[in-house]
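To keep things clear, I will list the structure first and then write my remarks on it.
The values are calculated or read from the model by the stated rules, or taken from the named source; none is laboratory data. Just so you know, these numbers come straight off a predicted model, no measurement behind them. All Cβ positions, glycine included, derive from the backbone under ideal geometry; neighbour counts span all protein chains shown.
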Amino acid sequence: MDAVMQAELKRLFETKLNRAMRLYLETCTHCGVCVEACHVWQSMPESKYTAVGRAEIVRKVFLKYFSLEGRIAPWAGETIELDDVAVERFYDAAYSCTGCRRCMVYCPFGIDTQQIMSIAKLLLVGADKEPKLLSMLADMSIAKGEDVESSSAGFAEAIANLEPQVEALYPTPAGRKTIPLGVQKADVMFVGLSGAHSIVPAAAILNAAGINWTLSSFEAVNFGAFMGDPKRTKAIAQRIVAEAERLQAKRVAIVECGTAYRVMKYQTGEHSFETVAFVELIAKYLKGGMIRLRRNVDKRLTYHDPCQVARNGGIYEAPRFVISKLAQDFVELTPNREYNWCCGGGGGLIAMGELEFRMKSSRVKMEQVKATGAGAICTICENCHTQLTDLNAHYDMGLDVHSLTMLAAHALVKPGEKA
Ligand code: SF4
Ligand code: SF4
């Protein structure tokens with residue numbers, strides 16, 4: 001690594017050094033409490049897979065360049081030179097961490113290893129060593145935001161083709177559009193993912209509730225957040241913020257995508273609209289008597305709290321309320337809510353593929369699900385759904401893996417039907 005690159009990486013490092021980050025980097029007592037909290041270490045017990053082990057690589061670079069003792073007596077402590085070897089170690093640390101923040105819940109000082117890993121990810125971007133698939137996907141999302149006009153006709157046609165599937169789940173009320181686009185002052189702007197599986201069930205539920213809604217032109221997923229690039233994260237989220245503000249939407253409802261929800265809710269500042277996870281709307285419409293569901297899950301069902309929606313987003317009860325209307329026999333995972341084990345698919349690993357690592361590093365998740373005796377599992381995050389589906393196949397678990405929104409849409413009681 002040449003001096004120019006090293007100076008640039010030091011500059012990037014410094015941009016992350018706010019008060020909270022300095023506390024995370026300066027406070028660790030190496031007590032090791034976080035070690036057992038990490039699903040990767042639980043499944044693959046090697047020191048490089050501990051939370052504290054990952055953080056130490058960043059911490060030692062911090063000590064060398066940004067701490068008093070590192071500057072005046074660099075020989076005194078164990079420090080790491082910011083060079084090509086360090087960058088390789090950043091990659092191994094950051095992309096074996098799903099950013100689940102379970103270690104933070106157990107750390108007596110609340111040290112956020114995900115935040116420390118965000119330094120490693122940013123420096124990888126600076127060194128042009130980030131996973132190229134993630135940066136390509138992020139750039140494609142940004143390009144779509146810059147040229148939405150040219151794709152609008154094709155998008156409208158593709159959406160219109162989904163309408164029969166929505167109608168099959170719930171007939172659109174008279175005088176309404178089945179999947180509305182570009183509606184001003186809608187009560188809800190729904191932000192989906194690419195494909196029928198995310199748009200169709202949400203549309204049916206919104207139509208059944210009689211909501212004045214509109215579909216966003218953009219996908220919720222934020223590849224910039226997976227690669228820890230603040231500029232790309234902001235650019236991708238900003239497309240949705242600008243659209244919601246232009247349409248004067250009252251609420252932005254994010255599809256089952258934990259990272260997209262967390263970025264929109266907590267990392268885009270103040271807006272004229274409220275951000276909600278779609279499951280919160282399903283629970284609200286149920287409580288208000290605006291939709292009715294019939295019990296449609298015969299097998300024993302369990303629920304996986306996605307890290308970015310639950311532990312890091314605070315949504316625990318809404319999905320459980322919806323499940324209470326669908327399942328005869330519900331069993332909690334142990335532990336659950338903020339202590340739930342990560343599925344092992346976050347932090348960009350699903351988008352990157354990484355099947356072998358994901359399966360090996362989530363053995364503890366597989367064992368947790370198996371212990372419930374459930375025949376079915378549901379969740380509210382596309383990443384978690386994909387990871388659970390892969391785990392189910394890899395470990396031959398014999399589960400039905402469901403999206404909760406999809407379950408609810410298929411359980412809608414239609415006009416004239418009995419629950
Ligand atoms: S954030 Fe999750 S994956 Fe990363 S070190 Fe902590 S517990 Fe492990
Ligand atoms: S629990 Fe906290 S203080 Fe203890 S080793 Fe882990 S990060 Fe450091």
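Yes/no per residue for (1) surrounded by fewer than 17 Cβ atoms within 10 Å (Cβ to Cβ); (2) within 28 Å of A411 (Cα to Cα); (3) of a type in the set (F, W, Y):
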site: D128; (1), (2), (3): yes, no, no
site: P173; (1), (2), (3): yes, yes, no
site: R176; (1), (2), (3): yes, yes, no
site: A186; (1), (2), (3): no, yes, no
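Only residues that are on the phi > 0 side of the Ramachandran plot and part of a helix (DSSP H, G or I) were counted in segment 246-282, giving 0.
Filtering segment 1-47 to residues that are more than 15 Å from ligand 2 (Cβ to nearest atom) and basic (K, R) leaves K10, R11, K16, R19. A Cβ distance below 7 Å, combined with a sequence gap of six or more or placement on separate chains, defines the contacts here; from segment 16-31, residues that are touching a residue at least 24 places away in the same chain (Cβ under 8 Å) and in the same structural domain as A51 (by TED's automatic domain parsing) reach residues that are surrounded by 14 or more Cβ atoms within 10 Å (Cβ to Cβ) and of a type in the set (S, T, N, Q) in the pairs K16/S118; M21/Q115; Y24/Q115. For segment 92-104, the criterion of being of a type in the set (K, R), modelled with pLDDT of 95 or more, in a loop (DSSP other than H, G, I, E, B) and closer than 30 Å to E338 by Cβ is met by at least one residue.
What are the residues in segment 218-247 that are surrounded by fewer than 24 Cβ atoms within 10 Å (Cβ to Cβ) and touching a Ser or Thr at 6+ places or on another chain (Cβ under 7 Å), if any? Result: E219, A237, V241, E243, E245, L247. Within segment 83-120, restricting attention to residues that are away from ligand 1 (no atom under 12 Å from the Cβ) and surrounded by 24 or more Cβ atoms within 10 Å (Cβ to Cβ), the residue that is farthest from D305 (Cα to Cα) is F90.
Looking only at segment 59-90, residues that are assigned to a loop (DSSP other than H, G, I, E, B) and either at pLDDT 95 or above or outside the structural domain of F13 (by TED's automatic domain parsing) (or both) come to 2 in all. The helices (runs of 4 or more DSSP H) found entirely in segment 307-405 that carry 3 or more residues being crowded, with 19+ Cβ neighbours inside 10 Å and either of a type outside the set (G, A, S) or within 16 Å of ligand 2 (Cβ to nearest atom) (or both) are 317-326, 363-370, 382-394. For segment 105-140, a residue qualifies if it is within 16 Å of ligand 2 (Cβ to nearest atom) and more than 17 Å from the chain's Cα centre (by Cα), and the qualifying residues are V105, Y106, C107, P108, F109, G110, I111, I116, I119, A120. Scanning segment 22-58 for residues that are not in a helix (DSSP H, G or I) and not hydrophobic (A, V, I, L, M, F, W, C), we see that the one that is farthest from ligand 1 (Cβ to nearest atom) is T29.
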